[in-house]
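Here is the structure we will look at.
The values are calculated or read from the model by the stated rules, or taken from the named source; none is laboratory data. Note that the coordinates shown come from a computational prediction; the quantities given were computed from them, not determined experimentally. Note that we place each Cβ from the backbone using ideal geometry, even for glycine, and neighbour counts take in every protein chain shown. Accessible surface areas use protein heavy atoms only, side chains included; no ligands, DNA or RNA. Shrake-Rupley method; radii C 1.70, N 1.55, O 1.52, S 1.80 Å.
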Protein chains: 2
Amino acid sequence: MTEPGLRERKKQGTRAALARATLDLAVEHGLAAVTVEQIAARAGVSYRTFFNYFSGKEEALLRPDGGDATFGPHLRDQDPALPVLEAARRAMRAQLQAFDEDQESWRQRLAVLAAAPEALPRVLEIGSTGEREVADAIAERTGQDVDGDLYPALLAAVLGAAFRVSLGRWHALGETRPLAALFDEAVDVLAAGLPAPRTH
Amino acid sequence: MTEPGLRERKKQGTRAALARATLDLAVEHGLAAVTVEQIAARAGVSYRTFFNYFSGKEEALLRPDGGDATFGPHLRDQDPALPVLEAARRAMRAQLQAFDEDQESWRQRLAVLAAAPEALPRVLEIGSTGEREVADAIAERTGQDVDGDLYPALLAAVLGAAFRVSLGRWHALGETRPLAALFDEAVDVLAAGLPAPRTH
DNA sequence: CAGATTTCTTGCACACCGTGCAATCTTTCA
DNA sequence: TGAAAGATTGCACGGTGTGCAAGAAATCTG
């Protein structure tokens, strides 16, 4: 647990500056209209350097901290007596912390995305990168094979789906309800086997 | 219901030729190594024309027929007495017909994808394009609002997830079991509320 | 059938993306 | 303080995707 050191701190600074520049410019002009060159310029680094940190604008927007894989650890922290689904739900909720801690930024990010349908592919990819990790962690917990057995991949994919839908609603509802609550609601429906809703 | 006409037939021909060229070249060299220029050349049209039909290689590979939106109609065909989930499952299965009718092509397509992780973003996008349509159709059936209510978007997303996972397994299992059976199995798990699997 | 009209194709130009490579500068460590 | 490790940068290159305008082909009309 040695402290960061100048080198590491500088890297974090650059990454943060790039992520920030991306967000600001995207809010200002829309993601599509922003070029990597502009982002690099505002962050005070060269065009080329941008790609040392991110694979493209979308990643800079949506993964400002790089891909810290945290679901696995979170899942392992859960009480082994819990059913997988419940354990996974709690592990996922722990991840949602990031949103609560940085609400204003995420509100902006989602607004940018809502206005940038072209960005969808990359966005989804970024979401699905984590899915693999989630599936692995679930397989570990259930003692199954992530490639052979259905359950781990299915649950991971479904959790991802629930997450995306919740995120969409969070934004659509004007952030009036906490993301965690919306996610919980979705998982409740899943746990109940997707019963037909009472139409009003 | 007038018959196609020369113009329309030619368009279909070009589209098919482009899709075919894409598949063949991708099988031969890998998707990443194939350029749009090569595809166009093999199909006997100009580079520029390719983009009149597809937005990129991935779409040419995965949507050879353009986006024929069929889920909505299929869902409307289902007995109104059925629960939504069951109706949606059947509508989805009707869609899977395409795979059975053209197994060999799809086997190749999936093999290409398995070897082309870079293509993931686009692939997912294409999958999610249909998801919107699915959500709309479900909302119509349940009499809900696709933007306000949770259920339609959630079920659509979850069905998409089940489909992708099934497709992955279909390929991983060497196509020994029909896709529809794998999909059914996944939906059964969903309908049961994702109970913890019996570990073996 | 001829001419007008609609629709598709094509070439050109252009801005941008993403990457390999090699030179250079900076931090770290011994 | 000098060598090793790591980051930044410029350069060059092939590829993508799009707007535009000219041309070719199919369709419609009288």
Checked B:Ala111, B:Ala60, B:Ala91, B:Ala135 against criteria (assigned to a helix (DSSP H, G or I), in contact (Cβ under 8 Å) with a residue 12 or more places away in the chain and surrounded by fewer than 15 Cβ atoms within 10 Å (Cβ to Cβ)); the one match is B:Ala111
Could you check segment A:33-47 and list, in sequence order, the residues that are in a loop (DSSP other than H, G, I, E, B) and either within 9 Å of DNA strand C (Cβ to nearest atom) or at pLDDT below 95 (or both)? A:Ala33, A:Val34, A:Thr35
Considering every residue within segment B:98-121, establish whether at least one is within 30 Å of A:Leu182 (Cβ to Cβ) and touching a Pro at 6+ places or on another chain (Cβ under 7 Å). yes
Qualifying residues in segment B:170-186 (those that are open to solvent by 30 Å² or more (accessible area, probe 1.4 Å) and at the interface with chain A (Cβ under 7 Å from one of its Cβ atoms)) - the one modelled with the lowest pLDDT: B:Ala172
Against the condition in contact with a Lys or Arg (Cβ under 9 Å, 6 or more places away or on another chain) and within 9 Å of DNA strand D (Cβ to nearest atom), how does B:Lys10 come out, does it pass? no
Which of the following residues is of a type outside the set (Gly, Ala, Ser), closer than 22 Å to A:Phe163 by Cβ, facing chain A (nearest Cβ under 7 Å) and without any contact (Cβ under 8 Å) to a residue 12 or more places away in the chain: B:Val165, B:Val146, B:Val158, B:Val189? B:Val189
So, B:Leu120, is that one of a type in the set (A, V, I, L, M), at the interface with chain A (Cβ under 7 Å from one of its Cβ atoms) and open to solvent by 60 Å² or more (accessible area, probe 1.4 Å) or not? yes
Taking segment B:28-51 as the search range and keeping residues that are within 8 Å of DNA strand D (Cβ to nearest atom) and open to solvent by 70 Å² or more (accessible area, probe 1.4 Å), which one is nearest to the other protein chains (Cβ to nearest Cβ)? B:Phe51
Residue count, segment B:63-88, condition within 12 Å of the chain's Cα centre (by Cα) and loosely packed, with under 14 Cβ neighbours inside 10 Å, comes to 4
